[in-house]
Amino acid sequence: MDLDKMLCEKKRSAAEVAAMVESGWTVDYGFSISQPDVFDAALAMRRDALQNVRIRNAISVKSRKVLEVDPEQQHFHVENWHFSAYDRKQYDEGVTSYIPFNFGEGPRLYREYLDVDLAVLKTTPMDKHGFFNFGATASYLRAVCDKARRIVVETSTAMPACYGVENVVHISEVAAVIEGDNAPMAELPNTPISDVDRRVAEFIIPEIEDGACLQIGIGGMPNAVCSALAHASVKDLGIHTEMFVDGMVDLVESGRVTGLRKQTYRGKIVFTFALGTQRTYDFIDGNEMCMSLPVDETNLTENIARNRKVVSINNAMQIDLMGQVASESAGFKHRSGTGGQLQFVRGAVMSEGGKSFMCLSSRYMKGKQPQSRIVVGHPPGTVITTPRTDVMYVVTEFGIVNLKGKSVPDRVKALIGIAHPDDREILERQARESGLLPRRFL
């Protein structure tokens with residue numbers, strides 16, 4: 001097989017590939033930094049020739065031209081698995097829809113339930129064996145390729161090449177190869193660590209034991225935990241996570257991460273996508289310690305629980321006094337996505353010696369008025385991401401409580417105890433008025 005000849009024969013311009021698209025097609029843009037840029041711009045140029053083209057993507061890291069040229073959705077409709085800040089703005093303007101799912105189910109959803117007429121994915125250039133590497137994002141991309149009627153890659157020399165499983169596509173499988181613009185990968189700036197974040201981290205750090213296997217989400221609080229762990233006495237930590245972020249690079253370079261006590265992928269850092277600054281992309285590029293795996297391998301509960309002492313640390317937008325966690329919507333207004341939160345909460349609790357932490361600041365600002373994130377009940381339309389039966393530790397800057405085994409009244413008292421002091425009296429009054437605190441708790 002002459003790989004270079006095959007590559008030469010399959011090279012196409014973005015405009016040529018965009019000309020392949022027909023009205024009514026479903027086009028998959030993959031996930032996060034795997035989403036194509038030059039093809040997106042070329043497809044947008046064909047707006048007037050197309051109707052009802054469905055586009056799937058997730059966590060957009062750059063603007064999507066197909067949305068900008070078609071605000072009324074007369075030609076393109078974008079469906080999204082998980083919102084970024086850009087996607088939230090598009091949703092608020094009515095040009096993006098959310099698809100509910102548990103992230104770990106992504107490969108099965110594609111293989112069993114979804115149709116893909118054309119997949120266009122950003123990858124590394126072809127290697128000497130004829131493979132294009134998905135780089136920082138494995139997620140469900142191999143399943144997309146397995147289901148797609150036509151596969152096109154948009155190559156980028158800036159994409160890091162990662163070792164892994166189901167994280168490549170071969171030149172023999174693709175219909176066309178677009179040479180991309182090789183622009184630097186989109187970066188996700190680090191959220192500054194606040195004093196509230198540090199106080200939350202201080203409650204969590206004593207609960208993390210030697211040999212713990214970490215899943216840490218995105219944001220100031222998880223970054224604060226990584227920063228604190230880098231200076232803690234804990235050792236032999238492992239990483240089995242959905243998202244690899246800059247804070248984990250700090251943790252690895254501190255010498256705290258060896259992975260030697262893991263039961264799966266011993267000695268390896270396991271993730272399904274990476275999103276951060278160039279520092280993260282440089283770290284995972286060709287790093288044999290790192291394994292980029294399909295999301296069903298990282299996120300399905302039974303796979304998470306195969307490791308001992310799994311520690312899952314996630315953010316929440318709001319929690320009610322019974323322990324129901326809302327992490328993806330404010331009322332009917334969708335903000336992010338279910339992602340892997342519920343699966344990691346369950347996997348951690350199922351793990352031998354495992355622990356799950358749900359982190360949130362006690363308050364947020366709504367305009368100029370402070371509002372409690374701990375509420376007697378969620379507003380109508382609010383999506384419950386993690387049910388009360390699954391929640392373990394809840395942490396604010398005012399304390400940490402374990403809800404496992406607690407009755408509803410005991411949960412109410414515990415959560416009021418870690419609310420902002422200025423909100424505790426009204427929360428207790430509301431709890432009594434709603435019947436959550438019976439008379440014997442007076």
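Compared with the dominant Cα axis of the chain, that is its longest principal axis, helix 408-417 is turned about 90°.
Could you list Ile151, Ile178 in order of exposure, starting from the residue whose Cβ has the fewest other Cβ atoms within 10 Å?
Ile151, Ile178
Given the DSSP H assignment, sum -39500 (n - 2.57) over each helix run of at least 4 residues in the chain and divide by its residue total; what's the result at 222 nm in deg cm²/dmol, nearest 500?
Values: 16 runs with 121 residues, N = 442.
Counting only the DSSP helices, I get -7000 deg cm²/dmol.
Using θ = phi - 60° in the Karplus curve 6.51 cos²θ - 1.76 cosθ + 1.60, the 3J(HN,Hα) couplings for the range 359-369 round to 10, 6, 6, 5, 9, 9, 9, 10, x, 9, 9 Hz; x is entered for Gly and Pro. Within the chain, the percentage of alpha carbon pairs spaced more than 40 angstrom apart rounds to 21%. When you filter the GluC sites (Glu not before Pro) in the range 208-276 for DSSP loop state and at most 16 other Cβ atoms inside 10 Å of their Cβ, you are left with Glu209. Go through Val345, Val252, Val325 and say which Cα lies farthest out towards the positive end of the charge dipole of the range 249-378; charges sit on Cβ, +1 for Lys and Arg, -1 for Asp and Glu. Final value for the positive-end residue is Val325. Here is the list for the range 1-87: GluC sites (Glu not before Pro) lying in DSSP coil, each with at most 10 other C-beta atoms within 10 angstrom of its C-beta, are Glu72. What is the helix-to-structure angle for 195-204, meaning the angle in degrees between its Cα long axis and the longest Cα principal axis of the chain, kept from 0 to 90 and rounded to the nearest 10? Compared with the principal axis, the helix lies near 80 degrees. In this structure, the residue pairs whose Cα-Cα separation is over 18 Å, taken from Lys235/Lys404; Lys10/Lys122; Lys62/Lys89; Lys5/Lys122; Lys65/Lys147; Lys65/Lys122, are Lys235/Lys404; Lys5/Lys122; Lys65/Lys147.
Using mean Cβ contacts within 10 Å as the protection proxy, how do 184-193, 347-356 order, highest first? Working shown, then result.
Details: 184-193: 15.1, 347-356: 20.9.
Result, highest mean first: 347-356, 184-193.
When the chymotrypsin sites (Phe, Trp or Tyr not before Pro) in the range 116-175 are filtered for DSSP coil states and for at most 11 other beta-carbon atoms within 10 Å of their beta-carbon, no site remains. Its Cα gyration tensor gives the range 3-179 an equivalent ellipsoid, and the semi-axes of that ellipsoid, as √(5λ) in whole Å with the largest first, are 24, 19, 14.
Measuring r between the beta carbons of Asp48 and Ser97 and using R0 = 25 Å, the FRET efficiency lands at 0.65.
Among Leu342, Leu43, Leu7, rank each residue by its count of other Cβ atoms within 10 Å, from fewest to most, as a rough exposure measure.
Numbers: Leu342 22, Leu43 30, Leu7 17.
By the 10 Å Cβ count, ascending, the order reads Leu7, Leu342, Leu43.
Using only Cα atoms, tell me the angle between helix 220-229 and the longest principal axis of the chain; keep it within 0 to 90° and round to the nearest 10. Here the helix axis deviates by roughly 80 degrees.
Take Tyr113, Tyr91 and order them by how many other Cβ atoms sit within 10 Å, fewest up front. Numbers along the way, then the final one.
Values: Tyr113 9, Tyr91 18.
The order, fewest Cβ neighbours first, is Tyr113, Tyr91.
Largest GNM mean-square fluctuation among Met365, Met289, Met248, using the chain with Cα springs under 10 Å: Met365. Projecting the Cα positions of Ser63, Leu300, Ala201 onto the charge dipole of the chain (unit charges on Cβ atoms of Lys, Arg, Asp and Glu, taken about the Cα centre) puts Ala201 furthest along the positive direction. Annotation: Cα Rg of the range 392-442 relative to the compact-globule expectation 2.2 N^0.38 Å equals 1.10.
Listed by chain and number, the lysines whose alpha-carbon sits under 16 Å from that of Lys366, ignoring those within fewer than 8 places in the same chain, are Lys333.
All of the numbers you see were taken from the coordinates with simple rules; none came from a lab. Computed from a predicted structure; not experimentally measured. Cβ coordinates were reconstructed from backbone atoms using ideal geometry, including for glycine residues, and neighbour counts include every protein chain displayed.
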